[in-house]
Amino acid sequence: MSNKLDAGVLDLALRNGIPTRVLSKKVFFKSTDILNYLKEKETDLIVLAGFLWLIPPHLVEAYPDKIINIHPALLPKYGGKGMYGHHVHKAVKAAGDTISGITIHYVNEHYDEGRHIAQFSTELNADMNPDDIAAAVLKLEHQHFAETIEKVLLTD
């Protein structure tokens, strides 16, 4: 599922025979259609990546500790509404932080406040700009996100 019609993951899914669905904001927030669809598909874990909408309470309640997200910072720093993507890396640079990283966490009813599953960090140097920081953090995402999801699946 994606909230963006042009998301690359939709093409990847179609090429691999995986059903796709594009979410409208109205359906996502104002109905239980998505919850019903997930239950129909016997979904037991929801993994978010690049999904910026706050998850509605009825989904969080239906899937406690079963919705995972990744954040491009070491939470609790640089979390919350509006703290995504380049905004995070600009804030890290502006603060002069010497480390950054990723936080893989469970989703609750607040942005970036769910219980942490894992954090991975990378050292920064003063010469790095926000694009350099983003590249270093993305490398961590590629190294650790799938592996961490697999560990969660194996412990459930």
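Here, each number is a calculation from the coordinates, and none is a lab measurement. Worth saying up front: this structure is predicted, and the values here are computed from it rather than measured. Note: ideal-geometry Cβ built from the backbone for every residue, glycine included; neighbour counts use all protein chains shown.
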Quiz item: Relative to the first principal axis of the alpha-carbon coordinates of the chain, what is the inclination of helix 85-95, with its axis defined by its Cα atoms, in degrees from 0 to 90 and to the nearest 10?
Solution: 30 degrees
Quiz item: What does the convex hull of the Cα atoms of the stretch 44-155 come to per residue, in Å³, rounded to a whole number?
Solution: 85 Å³
Practice problem: For the stretch 53-96, go through all pairs of different Cα atoms, get the mean of 1/r, take its inverse, and jot down that Kirkwood value in Å. | Solution: 12.0 Å
Quiz item: Once phi is turned into ³J(HN,Hα) by the Karplus curve 6.51 cos²θ - 1.76 cosθ + 1.60 with θ = phi - 60°, what whole-Hz value does each residue of the stretch 120-135 show in order, with x for glycine and proline?
Solution: 9, 10, 9, 7, 10, 10, 4, 7, 6, 9, x, 5, 5, 5, 4, 5
Quiz item: Which net charge results for the neighbourhood of Gly85, defined as the other residues with beta-carbon distances under 14 angstrom from its beta-carbon, given Lys and Arg at +1 and Asp and Glu at -1?
Solution: +1
Exercise. Report, as a whole number in µm² per second, the diffusion coefficient that Stokes-Einstein gives for the stretch 1-72 at 20 °C and 1.002 mPa s using the Kirkwood radius over alpha carbon pairs.
Key: 164 µm²/s
Practice problem: Can you pull a Stokes-Einstein diffusion coefficient for the stretch 1-43 at 37 °C (0.692 mPa s), Rh from Kirkwood over Cα pairs, as a whole number of µm²/s? | Solution: 294 µm²/s
Quiz item: Given the pairs Lys4/Lys66; Lys77/Lys139; Lys25/Lys81; Lys81/Lys151; Lys26/Lys77; Lys4/Lys77, which are separated by over 25 angstrom at their Cα positions?
Solution: Lys81/Lys151; Lys26/Lys77; Lys4/Lys77
Quiz item: Over its Cα atoms, what ratio of radius of gyration to 2.2 N^0.38 Å does the stretch 94-156 give?
Solution: 1.28
Quiz prompt | Charge dipole magnitude, Cβ of K and R +1, D and E -1 - the chain, Cα centre, debye nearest 20 | solution = 480 debye
Quiz item: Per the helix-only calculation at 222 nm, which mean residue ellipticity applies to the chain, given -39500 (n - 2.57) for every DSSP H run of n ≥ 4 and division by its residues, nearest 500 deg cm²/dmol?
Solution: -12500 deg cm²/dmol
